[in-house]
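**Student:** Would you mind keeping the following structure in view while I ask a few things?
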Amino acid sequence: MEKGRLLYEGKAKKIYGTSEGMVLWVEYMDQVTALNGGMKDSMKGKAELNNQITSVIFSYLSHHGIQNHFIKKISKTEQLVRWLEMIPLEVVVRNFSAGSFSKRLGVEEGEKLKFPILEFYYKKDELDDPFINEEHIVYLELASLEEIAELKKQALLINEKLIKLFHQVGLQLIDFKLEFGRTPSGAIQLADEISPDTCRLWDLDTQAHMDKDVYRRKIGDMIPVYQEVLNRLNRLIII
């Protein structure tokens, strides 16, 4: 398989076409951003860590019946994925209060929620990815009511699988965001990445932040934290 032309460059990844039309070549970048690009830095080693962590997690989810776009890791910083028509939504699942949820609702960080709370955000950089509801999604023709129900169903199932996975490596899954796309037949599948960039993870014993909040809040060095997450996942026989 040959790497094709650059199709898209985001904040953390470049997406290329390939000689096989329905397969994309993903290259992770040594770049970290936060606050919708308000913070941005080059960070050596980040691409390798996020690619490997995402590969491990997507392989775990595939093994447990979660359909997704991941095919295989092809280098320390690259992977192959199946093409999907991306749905411009971030689906956020919250198990504990933290971040913008705590700020918006005046809830102290770290409070365990009575049940997982799902939120939708419209992926639109020029609007700062606003929080939207299901009626907005239908109005904007981003997804149908039936597709919204499917997104919620899959997100909650993924949450169950990830809580179990991270608990086995001594981490609490506080909250996380997912992205989905449509296959050519219209089926909805998980896409993008799952890493400490997209999850809030706290150490079960110390409550230490093991995610991008280390960078966002300037409370430590991010690379050693991400390396520790990868080390813990690699020590676990998950499949």
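**Student:** Compute the normalised compactness of region 1-80: alpha-carbon radius of gyration over 2.2 N^0.38 Å, N being the residue count. The partial results should precede the final answer.
**Tutor:** On the way: Rg = 13.5 Å, N = 80, 2.2 N^0.38 = 11.6 Å.
Scaled against compact globular proteins, the figure is 1.16.
**Student:** Between Met22 and Gln168, what is the label-to-label distance in nm when each label sits 7 Å out along the Cα-to-Cβ direction?
**Tutor:** 3.0
**Student:** Which one, Gln207, Ile87, Asn159, projects farthest toward the positive side of the charge dipole computed for the chain from Cβ point charges (K/R +1, D/E -1)?
**Tutor:** Value: Gln207.
**Student:** How about Lys40: which lysines have a C-alpha closer than 22 Å to its C-alpha, ignoring those fewer than 8 places off in the same chain?
**Tutor:** Lys11, Lys13, Lys14, Lys123, Lys124, Lys177, Lys212, Lys218
**Student:** Another question about this same structure. Determine, from the Cβ-Cβ distance of Leu113 and Ile219 and an R0 of 25 Å, the FRET efficiency 1/(1 + (r/R0)^6), rounded to the nearest 0.05.
**Tutor:** Details: r = 23 Å, r/R0 = 0.94.
That gives a FRET efficiency of 0.60.
**Student:** Taking the Cβ-Cβ separation of Lys72 and Lys14 as r and a Förster radius of 22 Å, what is the calculated FRET efficiency to the nearest 0.05?
**Tutor:** 0.80
**Student:** To continue, here is another question. When the dipole is taken about the Cα centre of the chain, and only Lys, Arg (+1) and Asp, Glu (-1) are charged at their Cβ, what size is it in debye, to the nearest 20? The partial results should precede the final answer.
**Tutor:** Numbers: 32 positive and 36 negative charges, 120 e Å.
With Lys and Arg at +1 and Asp and Glu at -1, about 580 debye.
**Student:** Can you list residues whose amide H is under 5 Å from Ile71's amide H, if they're 5+ apart or on another chain and H is modeled 1.01 Å from N?
**Tutor:** Amide H to amide H, under 5 Å and 5 or more residues apart or across chains, Ile71 pairs with Leu80, Val81, Arg82.
**Student:** Tell me, what is the per residue accessible area of the chain in Å², probe radius 1.4 Å? Walk me through the intermediate numbers first.
**Tutor:** Details: 12030 Å² over 239 residues.
Per-residue accessible area for the chain comes out at 50 Å².
**Student:** Something else about it: Between Thr183 and Lys161, how many nm apart are label points set 7 Å from Cα along the C-beta direction?
**Tutor:** Rounded to a tenth, the inter-label distance reads 1.4 nm.
**Student:** Say the dipole of the chain comes from +1 at the beta carbon of Lys and Arg and -1 at that of Asp and Glu; which of Gly10, Ala149, Gln52 then lies farthest toward its positive end?
**Tutor:** Value computed over the given set: Gln52.
**Student:** If you keep only loop residues by DSSP, which GluC sites (Glu not before Pro) in region 1-90 have at most 10 other Cβ atoms within 10 Å of their Cβ? Provide the component values of the computation, followed by the final result.
**Tutor:** Working: sites: Glu2, Glu9, Glu20, Glu27, Glu48, Glu78, Glu85, Glu90; in loops: Glu2, Glu20.
Passing sites in region 1-90 are Glu2.
**Student:** Next question, about the same structure. Show that you can apply the helix-only estimate: for the chain, add -39,500 (n - 2.57) for every DSSP H stretch of four or more residues, divide by all residues, and state [θ] at 222 nm to the nearest 500. Intermediate values should be presented prior to the final figure.
**Tutor:** Details: 6 runs with 73 residues, N = 239.
About -9500 deg cm²/dmol.
**Student:** Assign one of three labels to the chain, namely rounded, prolate or oblate, based on the Cα gyration tensor with a ≥ b ≥ c the square roots of its eigenvalues; rounded applies when a/c is under 1.5, prolate when it is not and a/b is larger than b/c, and oblate otherwise. Spell out each step's value before the answer.
**Tutor:** Working: a/c = 1.36, a/b = 1.09, b/c = 1.25.
It comes out rounded by the Cα gyration axes.
The values are calculated or read from the model by the stated rules, or taken from the named source; none is laboratory data. This structure is a prediction, so every number in the text was calculated from the model and none was measured. Neighbour counts are summed over all protein chains in view; Cβ atoms, including those assigned to glycine, are modelled from backbone coordinates with ideal geometry. These area figures cover heavy atoms from the full protein model, side chains too; ligands, DNA and RNA do not enter into them. Shrake-Rupley method; radii C 1.70, N 1.55, O 1.52, S 1.80 Å.
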